[in-house]
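Below: one structure, written as structure tokens.
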Amino acid sequence: MQIFHTIKEVKLYVDEKKQLGHKIGFVPTMGALHQGHISLIETSKKQTDITICSIFVNPTQFNNADDLKHYPRTPDNDIQMLQNAKCDVLYMPEVNDIYPNNEILNFDFGIIGNILEGEHRPGHFNGVGQVVSILLKGIQPHKAFFGSKDYQPVMIVKELIKQQNIPVEIFSCPILREADGLAMSSRNKRLTNEERKVASLIPIMMKKAADLVREKGVTYAKLYIDEQIQQQPLMKLDYYEICDTESLNTLHDIYNKQAISLIAVFVGAVRLIDNLEI
Ligand code: AMP
């Protein structure tokens, strides 16, 4: 695996490969890799000739300085995992390679940018827009692969490439979970043993709540989630919503609609997200 630290080097490499007719796949990450990330590498490898992974803990998408400071960083293990997965290129930039001029771009993603994560993490999607547009414009892959755990961010990325006319195909891949159902996440590494046990309740209560949405309605399911979380002193709910899968509009009933439940919950100091189609 080749490791580059500047986007210029990556672009030179990509141009060479494109001249040979190769299709380029790209998997952006913030590192502290787990099997969920590797599943994206594997999907890219199946669908393209060359797979590029980036590892960059993007400071502009953190609305909480403590979260940025404590974000797990495991570069040696990440390199090993990517080598094992036969990833072709790893791009590991410093902040000044991504933001050489400290230029702040401002995006307007409309309603989907202002609800759920947009509402609860002000500025987050602007930071996501900044880094993803720089990466996609700099690397110019044919296809980019994201995890559907980040359901709303993937919608934001699709809106971004439409607004910016970036010629890339975006793929949303399934959520990989631990044996007990907890969605894999780099932030899980920050949980204490006790918090990790409590976190495993998230997928259980989401599944039960999805059943309740179907049987008794949205209000009942939301009350159930509130009650369950209030019983856990280590948990604090940020939001739980039932939304239309396409528009992300909040739903009060699911009659004749495609619905998805989305949750953000603090377990101790660690904020976890998950989602489940209803
Ligand atoms: P992150 O490093 O958290 O920014 O994630 C990088 C990419 O991996 C994003 O597209 C995530 O949606 C994806 N990802 C994170 N966790 C999972 C998971 N459990 N299953 C599948 N993809 C994931």
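Just from its helices, what would the mean residue ellipticity at 222 nm be for the chain, if runs of 4 or more DSSP H residues each count -39500 (n - 2.57) and the sum is divided by every residue, rounded to the nearest 500 deg cm²/dmol?
-12500 deg cm²/dmol
Expressed in nm to one decimal, what extension gain is obtained for the pair K257 and S200 from 0.36 nm per residue of sequence separation less their Cα-Cα distance?
17.6 nm
Once amide H atoms are built 1.01 Å from N in the peptide plane, which residues 5 or more positions from D274, or in another chain, come under 5 Å H to H?
I263
So which DSSP H runs in the chain come out at 27 Å plus along the axis (Cα) with average Kyte-Doolittle of at least -0.5?
TM-like helix candidates: nothing returned.
Can you work out the Karplus-derived ³J(HN,Hα) for every residue in the stretch 88-105? Use 6.51 cos²θ - 1.76 cosθ + 1.60 with θ = phi - 60°, whole Hz, and x for glycine or proline.
Each residue's phi maps through the Karplus curve to give 7, 9, 10, 9, 10, x, 8, 4, 6, 7, 7, 10, x, 10, 6, 6, 9, 8 Hz.
Between beta-carbons, use under 15 Å as the cut-off and find the net charge around V27, counting Lys and Arg +1, Asp and Glu -1.
Local net charge: 0.
Can you bin the stretch 150-278 into rounded, prolate or oblate? Criterion: square roots of the alpha carbon gyration tensor eigenvalues sorted a ≥ b ≥ c, rounded for a/c under 1.5, prolate for a/b above b/c, oblate for the rest.
oblate
Hey, what D do you get for the stretch 237-278 in µm²/s if you plug the Kirkwood alpha-carbon radius into Stokes-Einstein at 10 °C and 1.306 mPa s?
147 µm²/s
In vacuum, with every alpha carbon of the chain counted as one equal point scatterer, what does the Debye formula give for log10 I(q)/I(0) at q = 0.12, 0.17 Å⁻¹? Two decimals, please.
Each listed q corresponds, in turn, to -0.77, -1.46.
In this model, which of K11/K86; K158/K216; K8/K143; K8/K69; K197/K257 are farther than 22 Å apart at the alpha-carbon?
Check vs 22 Å cut-off fails for K158/K216; K8/K69; K197/K257.
Given Cα pairs under 8 Å that are at least 6 residues apart, what percent is the relative contact order of the stretch 186-277?
Relative contact order, the stretch 186-277: 29 percent.
What are the residues whose amide H is under 5 Å from the amide H of F26, where those residues sit 5 or more places off or on another chain and H is modelled from the backbone?
For F26, whose amide H was placed from the backbone, the distant partners under 5 Å are I52, K143, A144, F145.
Coordinate-derived values only; no laboratory data. Here the structure is a predicted model, which is why all the values come from computation and not from measurement. When we count neighbours, we look across all protein chains shown, and the Cβ atoms used for this are built from the backbone with ideal geometry, even at glycine.
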